[in-house]
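I have placed the structure first, in the form of C-alpha cells, so that the comments after it can refer back to it.
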Amino acid sequence: MAEDRAGWSPFLLLICIELTVGAVLPVGYCFGVVNAPADLIKVWATESANSHYSTKLNDGEVTLVWASIVSIFQIGGICGSLVAASINSRIGRRGTLQLCGLIFMISGILHFFCRQANSLELLLLGRLLGGVASALVYATQPMYLVELAPLELSGSVGVFTCIGITGGVVVGQIFSFDFFWGDKSHWHWALSAFMLFVVIGLLPLCLFPESPRFLISKGKQAETKAALMKLRRNQARADKELAEMEATSKSTKETMTMKEVICDAKLKMPLIIVCSFHFVQQGSGINAIWYYSVGIFTGAGFTTPMALWLNFALGVLNFAAALCGPFLMTHFNRRILMLLSCSLSAVFMALLSLGLYFSDSVQWMSYICIIFLSIYILTFNLGLGALPYFIGPELLFTSPLPAVMAFGSLFNWSTNFIIGMIFPIMNNYIGPFAFLPFAVICIYGFFLTYWYLPETRNRTPEESWIRNSASPREVELSIL
C-alpha cells in the first residue's frame with residue numbers, strides 16, 4: 001500500500017552519494033587510471049630496476065613487470081574477499097567501510113611516494129592494498145545500502161555500486177590524460193588522486209547509522225530502533241520494520257562463516273546464484289574490452305590517438321547507462337532485466353567477434369564494430385552491470401549474507417584476474433574469435449536466471465522464494 005512505502009529521503013540519498021564517491025568511485029578509478037600512462041610507468045620501472053638492482057630489463061621482463069603491476073590489484077581483491085565475511089561480522093558494515101577508507105589512504109600514499117622513493121616495490125604494495133580495499137567495498141557497500149533502504153528501494157540503492165565503478169573509470173581516464181596529470185612528471189599524482197574522493201566521501205561516514213539488520217543480529221534492539229528512526233523519520237514505519245526484524249532474528253542462527261555456508265545444503269542455490277552472477281558479469285567480456293579496447297580499435301584500423309578517445313567515449317557511455325539503473329530497478333523486475341541483459345550481451349558479443357574478423361577485408365566494418373560494442377555496453381548495463389552486487393541481500397537474511405557476499409566478491413575478482421591473464425593468449429591464437437567464449441558465458445547466465453532466479457523486486461527474501469515455490473524448479477531456502 002502507498003502509506004507503507006517509505007520512498008527516498010534526503011538523508012538516504014546523501015548516504016548513497018557519499019558512499020559511492022568515497023568507497024566505490026576509487027575502485028573504478030584504480031581500473032581506469034593505469035592505461036594512459038602505461039608507457040611512462042614502464043620506463044620508470046626500468047630505470048628503478050637499474051638503479052636498485054643494477055639490472056637492465058629486456059622487453060619481455062618489462063612486459064612481465066607491467067603485467068604484475070596491473071594484475072596485483074586483482075590479487076589483492078582475491079585476498080580481501082577471503083577476509084571480508086569475517087571483518088563484516090566483527091566490526092559491522094559501517095566499520096568495514098571505515099577500514100576500507102584507511103586502507104585506500106595508505107594505498108594512495110604509497111602510490112604518491114613510489115616515484116620520489118624510486119621504488120617499484122612501493123607501487124606494487126600500493127596496488128595490492130588498493131585491491132584489498134576494493135574487495136571489501138564489493139562485499140560491503142551494496143549490502144550496507146540495501147540494509148539501510150526500505151524494501152521498495154533495494155534495487156535502486158543497489159545500482160550505486162555500478163554507478164560508482166563506471167564513474168570512477170571515467171574520472172581515472174580523465175586524470176590520466178597527458179593534458180591533466182598523465183605526463184612524465186605527474187603520473188604518480190594521477191595514480192594517487194583517488195585519495196581526494198576517499199576523504200570527501202568517507203569523512204561523513206561516522207554520522208551515518210550502522211545497518212539495522214546487523215544491529216538486530218547482535219541483539220541491540222535500542223540501537224536498531226534509533227537507526228531506523230534516523231533513516232525513516234516515521235515512528236510507525238520504524239516500529240513496523242523493527243518488529244519484522246525482531247521476528248526474523250528469533251529464528252536466525254549466529255552469523256555463518258564461509259565454511260558453514262558451503263556445508264549448508266539449503267544455501268546451495270542462493271550461493272550458486274550470487275557467485276554465478278559475479279562470474280557471468282566478469283566473464284561476459286566487459287573487462288577484456290576495458291583492458292584491451294585501445295588495441296581492439298587500433299586493430300580495427302583506427303589511429304592510436306583516435307583509439308584513446310574512442311575508449312574514453314565508451315567509458316562515458318558506460319557511466320551514462322549505469323545512471324539509468326535506479327529507474328530500471330524501480331520499474332522493471334529483476335528476472336526480465338537479467339534475461340534481456342544476458343541474451344543481448346551474448347548476441348552483440350558474437351556480432352563484435354564477427355565484425356572484427358571481417359574488418360581487415362571490409363573497410364567500413366570497423367565502424368560497425370563500434371556500434372556493436374556500444375550496444376553491448378548498453379545491454380550489459382540492463383542487468384549484468386548492477387544486479388550481481390545486490391542480488392545477495394535480496395535473496396538472503398543477515399546470518400549467511402556476509403559470507404555469501406564474500407564468495408561473490410571472490411568469484412568477481414578471480415574471474416577478473418583469469419580473464420586478464422588468458423585473454424591476450426586467446427587473442428594471439430584465435431584472434432577476434434576470442435570473444436566468443438564470453439558469449440557462451442552470457443548464455444549460461446541466461447539459463448541460470450530463467451530456471452532458478454526467483455523474482456525479488458519489492459519482496460523480502462522469504463516472499464521471493466515462497467512466491468516462486470509453485471515452479472517445478474523449486475529451490476528450498478531456510479530463513480536464516
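Mind checking whether some residue in segment 313-324 is over 19 Å from the mean Cα position of the chain (by Cα) and aromatic (Phe, Trp, Tyr)?
no
Would you point out the residue of segment 347-394, among those that are polar (S, T, N, Q), more than 25 Å from residue 412 (Cα to Cα) and not in a helix (DSSP H, G or I), that is most open to solvent (accessible area, probe 1.4 Å)?
In this case the residue turns out to be 363.
Collect the residues in segment 300-326 that are without any contact (Cβ under 8 Å) to a residue 60 or more places away in the chain and farther than 19 Å from residue 376 by Cα, keeping them in residue-number order.
303, 304, 305, 306, listed by residue number.
Farther than 20 Å from residue 311 by Cα and hydrophobic (A, V, I, L, M, F, W, C): which single residue out of 280, 294 fits that description?
Only one candidate qualifies: 280.
Could you grab me the full set of residues in segment 412-467 that are modelled with pLDDT under 90, under 18 Å from residue 386 (Cα atoms) and among the hydroxyl-bearing types (Ser, Thr, Tyr)?
Residue satisfying the conditions is 456 alone.
Exactly one of (1) out of contact with any Asp or Glu (no Cβ under 9 Å at 6 or more places or on another chain); (2) surrounded by fewer than 18 Cβ atoms within 10 Å (Cβ to Cβ); (3) not in a helix (DSSP H, G or I) is unmet by residue 429. Its number?
The single condition residue 429 does not satisfy is (3).
From the list 275, 342, exactly one residue is closer than 26 Å to residue 425 by Cα and either crowded, with 23+ Cβ neighbours inside 10 Å or of a type in the set (Gly, Ala, Ser) (or both). Which is it?
Of the residues listed, the single one that is closer than 26 Å to residue 425 by Cα and either crowded, with 23+ Cβ neighbours inside 10 Å or of a type in the set (Gly, Ala, Ser) (or both) is 342.
Can you tell me which of (1) open to solvent by 40 Å² or more (accessible area, probe 1.4 Å); (2) free of Cβ contacts under 8 Å to residues at least 40 places away in the same chain is the one residue 8 doesn't meet?
Against the list (1) open to solvent by 40 Å² or more (accessible area, probe 1.4 Å); (2) free of Cβ contacts under 8 Å to residues at least 40 places away in the same chain, residue 8 comes up short only on (2).
Kindly indicate whether residue 37 is surrounded by 20 or more Cβ atoms within 10 Å (Cβ to Cβ), modelled with pLDDT of 85 or more and not aliphatic (A, V, I, L, M).
Against the criterion (surrounded by 20 or more Cβ atoms within 10 Å (Cβ to Cβ), modelled with pLDDT of 85 or more and not aliphatic (A, V, I, L, M)), residue 37 qualifies.
Can you tell which of 236, 226, 193 is over 21 Å from residue 95 (Cα atoms), of a type outside the set (Phe, Trp, Tyr) and touching a residue at least 12 places away in the same chain (Cβ under 8 Å)?
The unique qualifying residue is 193.
For residue 242, indicate whether it is closer than 17 Å to residue 88 by Cβ and surrounded by 16 or more Cβ atoms within 10 Å (Cβ to Cβ).
Considered against the rule, which asks whether it is closer than 17 Å to residue 88 by Cβ and surrounded by 16 or more Cβ atoms within 10 Å (Cβ to Cβ), residue 242 comes out as no.
Return yes when residue 55 is hydroxyl-bearing (Ser, Thr, Tyr), more than 24 Å from residue 411 (Cα to Cα), surrounded by fewer than 20 Cβ atoms within 10 Å (Cβ to Cβ) and modelled with pLDDT of 85 or more and no when it is not.
So residue 55 fails the test.
The values are calculated or read from the model by the stated rules, or taken from the named source; none is laboratory data. None of these values were measured; they are calculated from a predicted model. We place every Cβ from the backbone using ideal geometry, glycine too, and count neighbours over all the protein chains shown. Please note that ligands, DNA and RNA were not included when accessible areas were found on the heavy atoms of the full protein model with its side chains. Shrake-Rupley method; radii C 1.70, N 1.55, O 1.52, S 1.80 Å.
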